[in-house]
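Chemist: Questions regarding the structure given below will be posed in turn.
The values are calculated or read from the model by the stated rules, or taken from the named source; none is laboratory data. Only a predicted model underlies this, so the values are computations on that prediction, with no experimental measurement involved. Don't worry about glycine lacking a Cβ; one is built from the backbone with ideal geometry, like all the others, and counts go over all protein chains shown.
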Amino acid sequence: MRFTLGSLLLMLLVCSLPPVHGVLEAYNTNLKCKCIQETSGIILIQHIDKLQVFPPGNGCPNKEVIIWKKNKSVLCLNPNLKWTQRLIKILQRKNATSTRPAPVLKRKIK
């Protein structure tokens, strides 16, 4: 009697525990994703204020591309589309050329 009561309590305890971490990830993969819905429409580069790319990780298995438009709206882009990849390259190139190094003044030491 004592053995069955102990095993019954142990089974009750095991069944009441939360799911294992791997099972939780399999069912709830969007716990920390920023993008719920992605747009596939083309956005003109003149309307973009800021672009940010988030690699997969930290609870979100998806690569996320988020843009902030000049009218203060925020959009998530589909990172697999060719025009999104081209847009990322163009904006990275533009940012690399727009931040020039500070001029260095050479003075003779007397």
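Chemist: From the list N80, N30, exactly one residue is at pLDDT 90 or above and either touching a Cys at 6+ places or on another chain (Cβ under 6 Å) or in a loop (DSSP other than H, G, I, E, B) (or both). Which is it?
Modeler: The unique qualifying residue is N80.
Chemist: Another question about this same structure. Just give me the residues in region 52-96 being over 16 Å from the mean Cα position of the chain (by Cα) and of a type in the set (K, R), in sequence order.
Modeler: K69, K70, K72, K82, R86, K89, R93, K94
Chemist: Answer with yes or no whether N71 is assigned to a loop (DSSP other than H, G, I, E, B), of a type outside the set (V, I, T) and under 21 Å from K94 (Cα atoms).
Modeler: Working: assigned to a loop (DSSP other than H, G, I, E, B): yes; of a type outside the set (V, I, T): yes; under 21 Å from K94 (Cα atoms): yes.
Taking the combined requirement at face value, the residue satisfies it.
Chemist: Could you check region 70-93 and list, in sequence order, the residues that are closer than 13 Å to L44 by Cβ and touching a Leu at 6+ places or on another chain (Cβ under 7 Å)?
Modeler: Selection gives L91 alone.
Chemist: Would you point out which residue out of I66, I42 is among the aliphatic types (A, V, I, L, M), assigned to a loop (DSSP other than H, G, I, E, B) and in contact (Cβ under 8 Å) with a residue 12 or more places away in the chain?
Modeler: After applying the criteria, what remains is I42.
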